[in-house]
Amino acid sequence: GLEKLIDSGIQCHGHLKSSNCLLDSRWSLKVTDYGLHCLRENVEYKPKDKLWMAPELLRIGRIPSIVAPSADIYSLGIIVSEVLSRERPYAAYEDMTSEEIIGKVRKGEQPLFRPMLKNERDADVDANMVQLMKDCWIEEPDRRPEIREIRVAVKQMGKGKQTNLMDHVLKTMEAHSKFLETQVNDRTKLLADEMKKSEELLYRMLPKVVIDKMRRGQAIEPETFDGVTIMFSDVPSFNTVTMRSSPIQIVQLLNDLYFLLDNIVEQYDVYKVETINDQYLIVSGLPHRNGDKHASEVANLALHFQLSIGNFYSSAMPREKFELRVGINTGPVVAGVVGNAMPRYCLFGDAVNTASRIETNGKPSCIHISDETNRYLTQVIGGFLTKARGEIIVKGKGVMFTHWLLGKKVKSIQDRTEDSKHNSTEVEEPTGGHLSE
């Protein structure tokens, strides 16, 4: 386009900049806004429009009616810098205004103030094109290359190939498509990771089978389970400890306690229903039925709890020693989801209330079990060591015959862990030894 202008009677553009280079519907570049010298002679341009203007024109403060072609060559060099950097002129000088930039170019002080390419040394930037760009904006107009020399140089850089513009466009679009595909894959992976985290959080709040039904839009009907084992546990000294502790200490204590017990729960076929302060509610046999294993799973868990609490340490209360009181009962329950805004998986039935009463009537460091749980552990499953406590008065239940769970007859109570130091043979009485009655 410049070559045509220079060869014509117009001879030069005079106000060449990137916004005057347009693409038509055939992807052909068209140079516009030329041949208006007489109209521009006394026009005062905005500072940002002078960034492409040659130094010799900046010094006279206006565009004369006759402009040398070398001024267009300077403007071409600025446009080439935009193409190579894919940024506006002088983008590297973010802290400078257009007036300050023009002032430095106008002065012509050494070293010359010109656009700076951050990617000048990148492998995909042709060093010959960079040098040609610098030749175009040489300070002395008569030392700048002529337009024909520039065309020859550009052709040599292309190794004489006649570049098809549409091929170039398609190649660029293909590269952009691959880039977008990579970006989409990365974002998809991040989304999948976040969804996985959300799923894990949901599965901690509700059973997986319930979550899956909710996703499918199915109704969550209450379900009856004929045989499950329920365990309640608490820290008997918790209320006393909290009275002399700050809220921050209490929160830290519960975090440490939950961290210990939650890690143990994950090793067994049980479901943590809820925690209320120091109280833990665990059940086995639902939502997935496991035959008669529910009693042994909860019993093993309770023994593991008691073994671990002896070494429990909380940074909030380093000098405190804690004990667990555990109550276990076996029987039928009904389970279902209650609530919409904050749905909870709840258990209903006399077996739940009985387990709670057995726990509150237990003793620190002891595992108190009902007669039905004892039957499962000693007759149905076997392998567990228990001791009859006898008849006790239970509020709301009257007289109940209960037992103490002491341990396992053969294997260690922590046979699911890798800690060999706990591999004992037989436990004859609970850690606390509160069996005087």
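Worth a mention:
- Note on region 213-234: residues that are closer than 30 Å to LEU254 by Cβ, outside any strand (DSSP E or B) and out of contact with any Gly (no Cβ under 8 Å at 6 or more places or on another chain) total 1.
- Qualifying position, being small (Gly, Ala, Ser), without any contact (Cβ under 8 Å) to a residue 40 or more places away in the chain and under 30 Å from VAL326 (Cβ atoms), among SER198, SER233, SER246: SER246
- Residue check for PRO69: under 26 Å from ASP135 (Cβ atoms), at pLDDT 90 or above and over 49 Å from the mean Cα position of the chain (by Cα): no
- Within region 332-348, being buried (at least 17 other Cβ atoms within 10 Å of the Cβ) and modelled with pLDDT of 90 or more holds for one residue alone: VAL333.
- Qualifying residue in region 239-260 (condition: of a type outside the set (Phe, Trp, Tyr), crowded, with 16+ Cβ neighbours inside 10 Å and closer than 26 Å to TYR376 by Cβ): no
- Looking only at region 106-129, residues that are surrounded by fewer than 16 Cβ atoms within 10 Å (Cβ to Cβ), in contact (Cβ under 8 Å) with a residue 12 or more places away in the chain and part of a helix (DSSP H, G or I) come to 2 in all.
- Residue among VAL265, VAL235, VAL270 that is surrounded by 18 or more Cβ atoms within 10 Å (Cβ to Cβ), within 30 Å of the chain's Cα centre (by Cα) and either over 22 Å from THR330 (Cβ atoms) or not charged (D, E, K, R) (or both): VAL270
- Selection from region 18-28 of residues that are among the aliphatic types (A, V, I, L, M) and either exposed (fewer than 10 other Cβ atoms within 10 Å of the Cβ) or over 17 Å from LEU170 (Cβ atoms) (or both): LEU22
- The condition (being free of Cβ contacts under 8 Å to residues at least 40 places away in the same chain, more than 41 Å from the chain's Cα centre (by Cα), part of a helix (DSSP H, G or I) and within 19 Å of HIS13 (Cβ to Cβ)) is satisfied by just one residue among LEU57, LEU76: LEU57.
- Residue match in region 72-85 (condition: over 16 Å from TRP137 (Cβ atoms) and surrounded by fewer than 17 Cβ atoms within 10 Å (Cβ to Cβ)): no
- Top-ranked residue of region 132-159 - restricted to ones that are at pLDDT 90 or above and within 48 Å of the chain's Cα centre (by Cα), ranked as nearest to VAL80 (Cα to Cα): MET133
- Residue count, region 327-363 (criterion: over 38 Å from the mean Cα position of the chain (by Cα), not in a strand (DSSP E or B) and not small (Gly, Ala, Ser)): 10
The values are calculated or read from the model by the stated rules, or taken from the named source; none is laboratory data. What you are looking at is a predicted structure, and each value in this text was computed from that prediction instead of being measured. Every residue, glycine among them, receives a Cβ derived from its backbone with ideal geometry; neighbour counts consider all protein chains shown.
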